[in-house]
Structures are given as C-alpha cells and as structure tokens.
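**Q** Got a structure here, written out as structure tokens. Questions coming.
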Amino acid sequence: MNRRELLTKTGAAGMLTLLQLSALRPVLAAAETSGASAALQIEVKRRQGDGYPVFDLRAHASVHATAQRAWEVLTNYDRLAEFVPNLSSSRLISRADRECVVAQEGYGQFLFIKQPIHLLVHVHETPFSNIALTLLKGNMHEYQANWAITAATAADNHLTQIVYTGTIAPAFYIPSLFGAAMMKSDLRNMIATVVREIEKPALK
C-alpha cells in the first residue's frame, strides 16, 4: 500500500493518531535509553475521577547519598527550579516550624500543547524522612504528593531509598490516548534529575 492509499484509508482520525505516535516516539525512546533513569522504578496509573482523569504516580530510586543530603535538596524549595525539569519557579512563601507554604510555576508539554501550571501547596515536613504536599489552590482538580526518605541499612547510611507517590488530576486537557505514557516519561525525567542533584557531593 503506498502513502496516498494509506492516508486515504486512515482518514483524518488515523492521520492524527500517526502524528501523535510520531511526536511521542522520541520522548519514549529517550526515556527507555537513558542510562541515568534505567534503574528507576516508575509506575503511572490512570483512573476516572469525578468527571476528569486522575493519575496515580509512584517512583522508587536508590541514591548514593545520606538521608540528610536528600532531605536538604528536597526541602530547599527556593532552589528546586534550578534543576527540576519543567519547573519555572519555586518560592517558599511562609514557614511555621515544620509547616510550609510553597508557590510553584511550571508547565506541562503534551505533544504540541504547552500548558502552564500554577500551584500553591501546603508542605508538612517530618525531618529527614517524609515530605507531604497538599494543594491549597491552582489549576488542578486534585493534587497531592509525598516524598519518603529511608536509609537503606544502619551500616551504610550513604545509600538512601527515595519513594515518591502522587495523585494528580489536572484541570486542563490531557490527551487520553497517551496521557499516562507522557506523564510516566516526565516523572522518570524528574526523579532522575533529582537523584543526580542529590548525588552531586558523592561524585566529587
């Protein structure tokens, strides 16, 4: 079947699907071949919420650094935009003991659509072990995230386990066909970048 016959047979909907596949393929290929992210365990599940899609995210990584170092990187909110992909700004608005309010601006890239993301989140810190984020306001129907930090063994406090879990329901359009795959790629890139930032002192 030649190109003209293929285009005629697939029609407009088929052409759109082919364009989506072509646009998505480099993103997925980069995620699959990235050596830095190959050891990460990433899981994204899509479910239906109250009239909108909800994505449940989970990521696990082993980091060659202390739990204290991981904590310092993840709770330095004013520096997060320096290394977290798609995050334009992050500012600590207020702090009272271990309760914080953080404002973040970023964007999501979905095929040819670049969507701004605005978040104001409440952060509850449990020193060196847990960071829980809940949405105060922003362009999300639902948003919560959690970072769990655990030293692997008492004998080796320079190997730390990091588990990220989150529930995200954007209040803007997400392509239904490839939404979970794109979010999985973004999550993989984010965790890989965070791991590299945490491990920087160990690489010197």
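The values are calculated or read from the model by the stated rules, or taken from the named source; none is laboratory data. Computed from a predicted structure; not experimentally measured. Neighbour counts are summed over all protein chains in view; Cβ atoms, including those assigned to glycine, are modelled from backbone coordinates with ideal geometry. Remember, those area values only see protein heavy atoms, side chains included, never the ligands or the DNA or RNA. Shrake-Rupley method; radii C 1.70, N 1.55, O 1.52, S 1.80 Å.
**Q** Consider D50 against the criteria (1) farther than 25 Å from H141 by Cα; (2) at pLDDT below 95: it satisfies all of them except one. Which criterion is unmet?
**A** In the conditions (1) farther than 25 Å from H141 by Cα; (2) at pLDDT below 95, D50 misses (1) alone.
**Q** Please work out if R91 is in contact (Cβ under 8 Å) with a residue 12 or more places away in the chain and not in a loop (DSSP other than H, G, I, E, B).
**A** Against the criterion (in contact (Cβ under 8 Å) with a residue 12 or more places away in the chain and not in a loop (DSSP other than H, G, I, E, B)), R91 qualifies.
**Q** Hey, another quick one. Would you call R46 closer than 24 Å to E125 by Cα, touching a residue at least 24 places away in the same chain (Cβ under 8 Å) and open to solvent by 20 Å² or more (accessible area, probe 1.4 Å)?
**A** Judged against the criteria, R46 is not a match.
**Q** Also, quick follow-up: Give me the strands (runs of 3 or more DSSP E) completely within segment 99-204, filtered to those with at least 1 residues that are modelled with pLDDT of 90 or more, within 15 Å of A59 (Cα to Cα) and in contact with a Phe, Trp or Tyr (Cβ under 7 Å, 6 or more places away or on another chain), ordered by residue number.
**A** 130-138, 140-151, 160-170
**Q** Follow-up. Of the conditions (1) crowded, with 16+ Cβ neighbours inside 10 Å; (2) at pLDDT 95 or above, S89 fails just one. Which one is it?
**A** It fails just one condition, (1).
**Q** Let me ask another. Being charged (D, E, K, R) and over 18 Å from S129 (Cα atoms) is the filter here; which residues of segment 70-102 pass it?
**A** Of everything in segment 70-102, those that are charged (D, E, K, R) and over 18 Å from S129 (Cα atoms) turn out to be D78, R79, E82, R91, R95.
**Q** Now for a separate question. So if I check each of L21, L16, L7, L28, which one is open to solvent by 80 Å² or more (accessible area, probe 1.4 Å) and at pLDDT below 50?
**A** L16
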